[in-house]
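Since the structure comes first, as structure tokens, the remarks are kept for the end.
The values are calculated or read from the model by the stated rules, or taken from the named source; none is laboratory data. Note that the structure is a prediction, hence the values are computed from the model and not measured. Reconstructed Cβ throughout: ideal geometry from the backbone, glycine too, with neighbour counts over all protein chains shown.
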Amino acid sequence: MKITALIPARLNSSRFNGKLMMDLCGKPVITRTYDAVLSTNLFSSVIVVTEDYEIYDEIISNNGNSILIKKEYNSGTDRIADACCKIETDIVINIQGDEPFIDKQSLDKLVNIFKNDRKNEIYYASLMKSMNNEQDINNPNNVKVSVDNNSFAINFSRKPIPSITTLSEEVFYKHVGVYAYRKEWLMSFAKLSPTKFETIEKIEALRIIESGFQIKMAETLSESIGIDTQKDLSKAIEIWENK
């Protein structure tokens, strides 16, 4: 089974423009993310997919792999789906370029979902992490996911939505935005039109649910730090300096 990690990356960002080329203790954020994914040794190849020469040149100059596609997309998922036409692979892992602390244990859980799926019945998978803090649960910037007893996603929302355990206790999960797809189903996803609740919530995963498909969720214990603001970058620098 050939498994490829694709990292969609662009300079323009509504919340923190140019963040992927910001310095994180000697290297740009995108390079730190690329290095973190590569160091897991889980993938046949790791590729940054971008429309920006600055990002492309940064990765290539550091002996990395990158695909340059000068085209506008509605989402990073559409970007990697287009890139997949040029790649021979079975499974695609979509990792955001602003995740320099992505860890091997979390990615391994995603990979194993497909390795253990002997009947090829799982098409989409993603990660989640439990939340106990009321402030985090009510924060609309944290996308929540509700799952059934088999860890398939029931719903995604920016509002608090609980899952019910076998003990009838409410558990809240934060959706960690790392996705895994069988290649042909990634291509199928890109052909689906945006759906009603996806548009309202601005959560791509809802397109899969609303279109009648399932997403297998794996729970991670790691707290990944995405860099969406200058404050996030300052926190990332502090963490990196104390590693």
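Here is how the numbers come out for the structure above:
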| read-out | value |
| --- | --- |
| Elements of type strands (runs of 3 or more DSSP E) in the range 28-116, at least 2 residues being of a type in the set (A, V, I, L, M, F, W, C), free of Cβ contacts under 8 Å to residues at least 40 places away in the same chain and touching a strand residue (DSSP E or B) at 6+ places or on another chain (Cβ under 7 Å) | 66-68 |
| Among the residues listed as 111, 92, 145, the single one being at pLDDT 90 or above, of a type in the set (A, V, I, L, M, F, W, C) and touching a Cys at 6+ places or on another chain (Cβ under 9 Å) | 92 |
